[in-house]
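A.B. asks: Okay, here's the structure, questions in a sec.
A short reminder: the numbers here are calculations on the coordinates, not readings from a lab. Here the structure is a predicted model, which means the values were calculated and not measured. Here the Cβ positions follow ideal geometry from the backbone for every residue, glycine too, while neighbour counts run over all protein chains shown.
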Amino acid sequence: MTNPQIVSSVIGLILAIVIYWLVRRDHLAPRQALRWVLVAAIVLVLGTFPIIIDWIGHAVGISYPPIIPVIIGLGAALIKILLMDIQQTKSQVTQDRAIQKLAMLEAEIEYLKNI
Amino acid sequence: MPAMNEEATIADVVSSVVALGYQIIVVDDASSDNTIIEARNSGAIVLSNIQNLGAWKATQTGLRYADRLGFEVIITMDADGQHNADNIALLVEQYKSGADVVIGNCTERGSIGRHIAWLFFKHFNALNVSDITSGFRLYSSTAIHCLISREATMLEYQCIGVLIMMRNLKLNIVETSVPMNRRGTGISRIFHSWLAVGYYLAYSSMLSFAKAFPTNKNKYIARITRLKKH
């Protein structure tokens with residue numbers, strides 16, 4: 001094993017441990033943690049065996065294979081951010097409607113009290 | 001009627017509406033002054049948002065409540081004394097002659113820049129409305145059912161978004177000319193700075209562009225009213 005290999009597999013391991021700890025301490029829900037476990041696994045595998053990237057690059061005809069994980073990583077991040085914005089819109093609408101509902105219910109209670 | 005920090009004018013506006021025999025709902029948008037007390041003492045039903053949601057979403061709080069109380073027709077107006085309660089009759093008149101949405105317009109107000117923006121959005125969206133920013137409007141029950149939807153909560157301003165919604169529902173939008181008073185206190189909340197104006201223009205253009213192509217009316221109604229109870 002070469003030095004860069006050791007470094008990247010250590011990164012993968014640390015990621016896995018951090019995720020484990022976050023779930024254990026209730027900072028991260030298992031649902032989200034599953035995705036991150038997957039990411040950690042990929043980092044660990046590719047970090048330990050970078051030759052896989054070279055195989056893929058050779059197979060699809062990319063002359064500089066190390067760019068593959070960079071592109072895939074950036075693409076995945078972009079999609080994820082977009083999904084987060086959609087989620088954010090939904091939560092914002094729900095929150096605003098909850099505030100409206102609270103005002104409505106409060107007025108209704110006031111009304112019932114005065115009957 | 002949405003209101004935020006309008007203690008100076010709210011009592012007069014509410015009293016003038018109450019005097020005409022209408023029921024009035026004031027939505028306090030997290031005011032830090034005596035707006036709530038003033039409005040309540042003048043005879044309004046007051047709803048109070050715990051967080052500032054902006055004029056349109058505050059209006060929507062009122063629309064949702066009025067819908068729950070079973071009102072068939074709702075008129076929205078500003079709390080700053082810009083609109084005169086006596087003119088409500090003008091809007092109702094149009095409603096009686098078959099309009100679904102009536103907009104009280106006053107094209108004498110506003111700067112040249114605002115008029116250009118009005119014209120641009122009017123033609124770009126194929127709207128039949130000259131005064132798109134007017135807050136003095138009448139909505140019929142069909143309009144209300146769509147305006148209380150989640151989709152309408154996504155909007156930030158009542159101008160373009162709401163009008164496009166009404167357009168897509170193929171409602172009969174009618175404009176009627178009403179005199180408006182000059183704002184007694186302060187300036188427009190939406191157009192308080194050039195940055196805000198820029199944001200408003202960008203926002204409205206984006207919305208207009210995204211909604212540019214015709215939609216199937218029935219599908220649209222089905223989509224936006226399916227969750228209306230929540």
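A.B. asks: Let me have the relative contact order for chain A, percent, based on Cα pairs under 8 Å that are six or more residues apart.
C.D. replies: On the way: 55 pairs, mean separation 24.5, N = 115.
So the answer I get is 21 percent.
A.B. asks: Right, another one. Under the rule of at least 5 residues apart or a separate chain, name every residue whose amide H is placed under 5 Å from the amide H of B:Glu175.
C.D. replies: The answer is B:Ile103.
A.B. asks: Let me ask something additional. Computed from the mean reciprocal separation of all distinct C-alpha pairs, what Kirkwood hydrodynamic radius does the range A:1-57 have, in Å? Please list the in-between numbers first.
C.D. replies: Values: mean 1/r = 0.0840 Å⁻¹.
That comes to 11.9 Å for the range A:1-57.
A.B. asks: To continue, here is another question. Quick one: plug the Kirkwood hydrodynamic radius of the range B:33-119 (C-alpha pairs) into Stokes-Einstein at 25 °C, 0.890 mPa s, and report D in µm²/s. Don't skip to the answer; put the middle values down first.
C.D. replies: Details: Rh = 15.5 Å.
Diffusion coefficient, whole number: 158 µm²/s.
A.B. asks: How much length is gained on full extension from B:Ser177 to B:Asn216, taking 0.36 nm per residue of separation minus their Cα-Cα distance?
C.D. replies: Numbers: separation 39, 0.36 × 39 = 14.04 nm, distance 3.13 nm.
Contour length minus Cα-Cα distance gives 10.9 nm.
A.B. asks: Which residues does a label at A:Ile51 reach in the range A:9-29, if reach means a backbone N under 17 Å from a point 7 Å past the Cα toward the Cβ?
C.D. replies: Answer for the range A:9-29: A:9.
A.B. asks: With θ set to phi - 60°, apply the Karplus curve 6.51 cos²θ - 1.76 cosθ + 1.60 along the range B:156-169 and write out the HN-Hα couplings as whole Hz, x wherever there is a Gly or Pro.
C.D. replies: 9, 10, 7, 5, 5, x, 5, 5, 5, 4, 5, 5, 5, 7
A.B. asks: Is there a simple number for the mean count of other chain Cβ atoms within 10 Å of the Cβ of residues in A:88-101, and what is it?
C.D. replies: On the way: counts 0, 1, 2, 0, 2, 6, 3, 3, 10, 11, 3, 11, 15, 4.
That average works out to 5.
A.B. asks: Can you pull the mean other chain C-beta count within 10 Å for peptide B:21-30? Numbers along the way, then the final one.
C.D. replies: On the way: counts 0, 0, 0, 0, 1, 0, 4, 1, 2, 2.
What the average comes to for B:21-30 is 1.
A.B. asks: Give me the one-decimal nm value for the distance between modelled label points at A:Ala29 and A:Ala59, 7 Å along each residue's Cα-to-Cβ direction.
C.D. replies: 3.5
A.B. asks: Averaged over peptide B:46-58, how many Cβ atoms belonging to another chain are found within 10 Å of each residue's Cβ? Display every interim value, and only then the final one.
C.D. replies: Values: counts 4, 9, 6, 6, 6, 5, 1, 6, 1, 0, 0, 5, 3.
Partner-chain Cβ atoms within 10 Å, mean over residues of B:46-58: 4.
A.B. asks: What lysines does B:Lys211 reach when the alpha-carbon gap must be under 17 Å and sequence neighbours fewer than 8 apart in one chain are set aside?
C.D. replies: Candidates past the 8-residue exclusion: B:Lys122, B:Lys170, B:Lys219.
A.B. asks: While we're here: Around B:Val27, which amide H atoms from residues at least 5 apart in sequence, or from another chain, sit under 5 Å from its own amide H, with H modelled in the peptide plane?
C.D. replies: Result for B:Val27 returns B:Ala3, B:Leu47.
A.B. asks: Next up: Which value does Rg/Rh take for chain B over its C-alpha atoms, Rh per Kirkwood?
C.D. replies: Values: Rg = 16.7 Å, Rh = 17.9 Å.
Across chain B, the Cα-based Rg/Rh ratio is 0.93.
A.B. asks: Residue by residue through the range B:17-30, what is 3J(HN,Hα) from phi via Karplus (6.51 cos²θ - 1.76 cosθ + 1.60, θ = phi - 60°)? Round to whole Hz and write x for glycine and proline.
C.D. replies: 6, 4, 4, 7, x, 8, 8, 10, 10, 9, 9, 7, 9, 6
A.B. asks: Could you give the nm distance between label points at A:Ile6 and B:His123, where each point is 7 Å from its Cα heading toward the beta carbon?
C.D. replies: 7.2
A.B. asks: Kindly work out what percent of the DSSP beta bridges joining two residues of the protein assembly as shown are antiparallel, to the nearest 5. Provide the component values of the computation, followed by the final result.
C.D. replies: Numbers: 6 of 18 bridges.
Restricted to the protein assembly as shown, the bridges split so that about 35 percent are antiparallel.
A.B. asks: Still on this structure, please answer the following. HN-Hα J couplings of the range B:83-97 from phi, Karplus 6.51/-1.76/1.60, θ = phi - 60°, integer Hz, Gly and Pro as x?
C.D. replies: These are the phi-based 3J(HN,Hα) values: 9, 9, 4, 4, 7, 4, 4, 4, 5, 4, 4, 5, 4, 5, 8 Hz.
A.B. asks: State, as an integer percentage, the relative contact order of chain B based on alpha-carbon contacts under 8 Å between residues 6 or more apart.
C.D. replies: Numbers: 370 pairs, mean separation 47.9, N = 230.
Result for chain B is 21 percent.
A.B. asks: So for the pair B:Lys170, B:Met206, with labels modelled 7 Å out along Cα→Cβ, what separation do we get in nm?
C.D. replies: The answer from the label model is 3.1 nm.
A.B. asks: What percentages make up the Cα-Cα pair-distance distribution of chain A when the bins are 10 Å wide from 0?
C.D. replies: 12, 24, 25, 15, 10, 7, 5, 2, 0
A.B. asks: Rounded to the nearest 5, what is the percent of antiparallel bridges among the DSSP beta bridges in the range B:1-141? Could you put the intermediate results ahead of the total?
C.D. replies: Numbers: 6 of 13 bridges.
Roughly 45 percent of the beta bridges in the range B:1-141 run antiparallel, per DSSP.
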